[in-house]
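Visitor: Provided herewith is a single structure, encoded as structure tokens, for subsequent inquiry.
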Amino acid sequence: MAAKKSYPFEQSLEKLEKLVERMEEGDLSLEDSLKTFEEGIKLTRECQQALAKAEQKVKLLIEQSGELTEVDFDDLDE
């Protein structure tokens with residue numbers, strides 16, 4: 001079984017953007033489009049997982065009086 005390729009979030013997002021651009025050009029064969037789409041789905045899932053982990057870390061770091069307090073990111077600017 002091949003090792004799973006995993007990229008840092010920014011790299012995954014950049015790669016996903018390039019895949020979308022390739023697909024939007026419309027020059028890919030059906031087979032290549034399907035492969036590209038499949039890779040894009042994998043990258044999307046990786047990005048979603050990375051964002052979920054980051055959100056969990058942020059929630060853990062925002063503590064008041066020893067209790068976890070959830071704060072919307074928009075509220076942090078105020």
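The values are calculated or read from the model by the stated rules, or taken from the named source; none is laboratory data. Remember, predicted model here, so these are calculated numbers, not experimental data. Heads up, the Cβs are rebuilt from the backbone with ideal geometry, glycines too, and the neighbour counts pull from every protein chain shown.
Visitor: Given 62, 41, which one is closer than 20 Å to residue 11 by Cβ, of a type outside the set (S, T, N, Q) and surrounded by 10 or more Cβ atoms within 10 Å (Cβ to Cβ)?
Guide: Just one listed residue meets the conditions, 41.
Visitor: Now for a different question. Starting from residues that are in contact with a Lys or Arg (Cβ under 8 Å, 6 or more places away or on another chain) and not in a loop (DSSP other than H, G, I, E, B), keep the ones in segment 41-78 and report whichever is modelled with the highest pLDDT.
Guide: Among those that are in contact with a Lys or Arg (Cβ under 8 Å, 6 or more places away or on another chain) and not in a loop (DSSP other than H, G, I, E, B), it is 43.
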